[in-house]
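Trainee: Below are the structure tokens for one structure; questions will follow.
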């Protein structure tokens, strides 16, 4: 089954009870039992399972070519559940330019429970092994990373993790299952902030996890039920609906993105552009080999923070907002917004300059977006 067909027919989104073509919203907290312990279809309480959420979880498992899926109330809830696989005293390795929310959770929350996160450069995968210690239990990567779009070799990451008996995790938010499938490259767990491309319409906050490992699936299911960060049926329905058009949206996003990058590379006000499609982008060839397309997240650097603010104020079609992956194009300054929780010295070390601008390219008309951003940059020369 090709991916566009799988987006429509994957999982079991047609209701098995009524035949409804659109997944019903089972807005219920509990379920009648035919006798004590005699549950219909195994449903007892909606924290443990809900038919609408189950349909979504089966769908994300199929799309990521895994065996089990889990839906959470946010991307951070999904990430937190995965980190909860670790025990007190465990050590994990994670790419140093990770999403600010992940950094905050690891350094302000999970560290208090004895979980030690070490932030390293994973773009040169050959040196990762030197950081592995006896207590290291997990290798966690974003690829491409947020916001500099740095690429890590997924297959080699999986090989290193297996060699050292580590749980391997990939945050696949930027690429979606339509363009990249880490489980097929040997990764144990793939996760998404489904708030982004998977939902795609800026109207739902959610997180998704998929795995092919039965033991990890059992443990994740226990954590999901025990800690209760589950996704509700309304939001589960919205994600199923959003997934149906994911392929169409990602292809238009990619067309727009490549046209915008071409303009940015030629503009005198732009110091540098960050995107894996660029031939001299670090690990460009690796990205091409492990994915089938390109994210709509683009970062570029202008002179300083005031220049970044000027570009934003002059734009008509790029909305100033955090988040990404929506049908509308968004623009932000990571140093002041998504990565403000990371100390300035660490941001600068990682190359997240004050003049860095991050775009989330939407599905608007290509010509309109290019011209709008170009006239915004032209304002810097006035």
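Trainee: May I ask you to verify whether residue 342 is outside the structural domain of residue 198 (by TED's automatic domain parsing), surrounded by 16 or more Cβ atoms within 10 Å (Cβ to Cβ), in contact (Cβ under 8 Å) with a residue 24 or more places away in the chain and in a loop (DSSP other than H, G, I, E, B)? Please lay out each step first, then the result.
Mentor: On the way: outside the structural domain of residue 198 (by TED's automatic domain parsing): yes; surrounded by 16 or more Cβ atoms within 10 Å (Cβ to Cβ): yes; in contact (Cβ under 8 Å) with a residue 24 or more places away in the chain: yes; in a loop (DSSP other than H, G, I, E, B): yes.
Against the criterion (outside the structural domain of residue 198 (by TED's automatic domain parsing), surrounded by 16 or more Cβ atoms within 10 Å (Cβ to Cβ), in contact (Cβ under 8 Å) with a residue 24 or more places away in the chain and in a loop (DSSP other than H, G, I, E, B)), residue 342 qualifies.
Trainee: Could you tell me whether region 142-149 includes any residue that is buried (at least 17 other Cβ atoms within 10 Å of the Cβ) and within 20 Å of residue 230 (Cα to Cα)? Working first, answer last.
Mentor: Restricting attention to region 142-149, the residues satisfying the condition of being buried (at least 17 other Cβ atoms within 10 Å of the Cβ) are 142-149.
Subset that is within 20 Å of residue 230 (Cα to Cα): none.
Looking through region 142-149, none of the residues is buried (at least 17 other Cβ atoms within 10 Å of the Cβ) and within 20 Å of residue 230 (Cα to Cα).
Trainee: If you check 78, 71, 117, which single one turns out to be assigned to a helix (DSSP H, G or I), touching a residue at least 24 places away in the same chain (Cβ under 8 Å) and buried (at least 20 other Cβ atoms within 10 Å of the Cβ)? Break it down into steps so the answer makes sense when it comes.
Mentor: Numbers: 71 fails: assigned to a helix (DSSP H, G or I); 117 fails: assigned to a helix (DSSP H, G or I).
The unique qualifying residue is 78.
Conditions tested, residue by residue: (1) touching a strand residue (DSSP E or B) at 6+ places or on another chain (Cβ under 7 Å); (2) surrounded by fewer than 16 Cβ atoms within 10 Å (Cβ to Cβ); (3) farther than 24 Å from residue 96 by Cβ.
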position	(1), (2), (3)
292	no, yes, yes
296	yes, no, no
299	yes, no, no
310	no, no, yes
316	no, yes, yes
334	yes, no, no
348	no, yes, no
353	yes, no, no
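Trainee: Sticking with this one: Within region 283-290, does at least one residue satisfy the condition of being outside any loop (DSSP other than H, G, I, E, B), farther than 19 Å from residue 171 by Cα and not assigned by TED's automatic domain parsing to the domain that holds residue 205? Give the derivation first.
Mentor: Residues of region 283-290 that are outside any loop (DSSP other than H, G, I, E, B), as a first pass: 284-290.
Filter again for farther than 19 Å from residue 171 by Cα, leaving 285.
Pick out the ones that are also not assigned by TED's automatic domain parsing to the domain that holds residue 205 and you get 285.
Yes, that holds for at least one residue.
Trainee: Sticking with this one: If the requirement is being over 21 Å from residue 220 (Cα atoms), in contact with a helix residue (DSSP H, G or I) (Cβ under 6 Å, 6 or more places away or on another chain) and in a loop (DSSP other than H, G, I, E, B), which of these qualifies: 14, 23, 28? I'd like the intermediate steps shown before the answer.
Mentor: Details: 14 fails: in contact with a helix residue (DSSP H, G or I) (Cβ under 6 Å, 6 or more places away or on another chain); 28 fails: in contact with a helix residue (DSSP H, G or I) (Cβ under 6 Å, 6 or more places away or on another chain).
Being over 21 Å from residue 220 (Cα atoms), in contact with a helix residue (DSSP H, G or I) (Cβ under 6 Å, 6 or more places away or on another chain) and in a loop (DSSP other than H, G, I, E, B) holds for just one of 14, 23, 28, which is 23.
Trainee: Looking at region 11-42, which of its residues are over 33 Å from the mean Cα position of the chain (by Cα) and surrounded by fewer than 10 Cβ atoms within 10 Å (Cβ to Cβ)?
Mentor: Those that are over 33 Å from the mean Cα position of the chain (by Cα) and surrounded by fewer than 10 Cβ atoms within 10 Å (Cβ to Cβ): 18, 32, 34, 35, 36, 37, 38.
Trainee: Any chance you could count how many residues in region 253-282 are part of a helix (DSSP H, G or I) and under 21 Å from the mean Cα position of the chain (by Cα)? If you could, list the steps in order and put the result at the bottom.
Mentor: First, the residues of region 253-282 that are part of a helix (DSSP H, G or I): 253-266.
Applying the additional criterion that residues be under 21 Å from the mean Cα position of the chain (by Cα) yields 253-258.
The total comes to 6.
Trainee: Quick one: which of 126, 57, 44 is closer than 30 Å to residue 18 by Cα, out of contact with any helix residue (DSSP H, G or I) (no Cβ under 6 Å at 6 or more places or on another chain) and at pLDDT below 95? Before the answer, list the steps.
Mentor: Values: 126 fails: closer than 30 Å to residue 18 by Cα; 57 fails: at pLDDT below 95.
None of the others qualify; the one that does is 44.
The values are calculated or read from the model by the stated rules, or taken from the named source; none is laboratory data. Worth saying up front: this structure is predicted, and the values here are computed from it rather than measured. A quick note on method: Cβ atoms are made from the backbone with ideal geometry, for glycine too, and the neighbour counts reach across all protein chains shown.
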